[in-house]
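Let me begin by presenting the structure, written as structure tokens, before commenting on it.
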Amino acid sequence: MMNAIEISDLKYRYADGLEALRGVSFAIAEGERVALIGPNGAGKSTLLLHLNGLLPERPAVNPSVKIFGEPVTESNFASIRKTVGFLFQDPDDQLFCPTVFEDVAFGPSQFGVTGDALEARVASALEQAGLRGFEERLPQHLSRGEKRRVCLAGVLACEPRVLVLDEPTSDLDPRGRRELKELLRKIPAAQIIATHDLEMVIEICSRAILLDHGRIVADGPPEHLLNNEQLMLEHGLERPHILHHLHPHRH
């Protein structure tokens, strides 16, 4: 089985000299759902932006990021962006059309999908996102959770094989979070989710990668990592409450 994402020794330094990534390597298999956890400033968003060429490497020799074996380089950006769907942290950064239908149709129409095929894709994506009947709604009148699901529908309409999500549950109420988790569970694409929502990590991810100061500190089953109280505290995180109920006496 080919890896959906392969990262080898990825380094990145911002123009102001901040070293955001210091040699990160890991692979994610097709269909795998992996959480990227760590404190603020650990490099999580910087890492995600490399997955579809939003932050090109400097210099781009020996590309460190491959998607289904294809290097993320400038000449490949168009096909990479068809394969990798990106859900940004703030839904308002992603919604800019007058209606929900137009927002969801925007991505696939950029890739040349038109007419009945476009309508069918939009309908299917809205269905998947639990937004059937929302076509004519105005994005600015939607709740935060609904906006987030419209963004996700817009990404799903492009039929990506890899889904990259940056803090998808931030600022959602409990119902919005629950609906989003259900949705992500059903999506067959490989998923990498940067999040502080550690309960979600336990509930839907089979693996967690802990990043701090631009390096991978730990990589393994979420219960194993998140149950390690010392590891969590050393990296600015807390053992999630859900584990206190599951294993109240384990340390």
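Give the residues of the stretch 114-130 that are part of a loop (DSSP other than H, G, I, E, B) and modelled with pLDDT under 95, sorted by residue number. Lay out the reasoning, then the answer.
Filtering the stretch 114-130 down to residues part of a loop (DSSP other than H, G, I, E, B) leaves 114, 129-130.
Of everything in the stretch 114-130, those that are part of a loop (DSSP other than H, G, I, E, B) and modelled with pLDDT under 95 turn out to be ALA129, GLY130.
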Looking only at the stretch 155-185, count every residue that is under 12 Å from the mean Cα position of the chain (by Cα) and part of a helix (DSSP H, G or I) and tell me the total. 2
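Just checking, how many residues over the stretch 31-88 are aliphatic (A, V, I, L, M) and at pLDDT below 90? Please lay out each step first, then the result.
First, pick out the residues of the stretch 31-88 that are aliphatic (A, V, I, L, M): 34-37, 42, 47-49, 51, 54-55, 60-61, 65, 67, 72, 78, 80, 84, 87.
Within this subset, residues satisfying the condition of being at pLDDT below 90 are 54-55, 60-61, 78.
Summing the residues that are aliphatic (A, V, I, L, M) and at pLDDT below 90 in the stretch 31-88 gives 5.
Filtering the stretch 30-42 down to residues that are hydrophobic (A, V, I, L, M, F, W, C) and under 21 Å from LEU184 (Cα atoms), which residue is surrounded by the fewest Cβ atoms within 10 Å (Cβ to Cβ)?
Per the stated criteria, the residue is VAL34.
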Selection from the stretch 123-169 of residues that are touching a Gly at 6+ places or on another chain (Cβ under 7 Å), of a type in the set (Gly, Ala, Ser) and more than 19 Å from PRO98 (Cα to Cα): none
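Could we say that ALA27 is in a strand (DSSP E or B), out of contact with any Cys (no Cβ under 7 Å at 6 or more places or on another chain), closer than 21 Å to LEU184 by Cα and among the small types (Gly, Ala, Ser) here? Talk me through it step by step, then tell me what you get.
Numbers: in a strand (DSSP E or B): yes; out of contact with any Cys (no Cβ under 7 Å at 6 or more places or on another chain): yes; closer than 21 Å to LEU184 by Cα: yes; among the small types (Gly, Ala, Ser): yes.
The answer is yes for ALA27.
The values are calculated or read from the model by the stated rules, or taken from the named source; none is laboratory data. Quantities reported herein were computed from a predicted structural model and do not represent experimental measurements. Please note: Cβ atoms are built from the backbone with ideal geometry, for glycine as well, and neighbour counts cover all protein chains shown.
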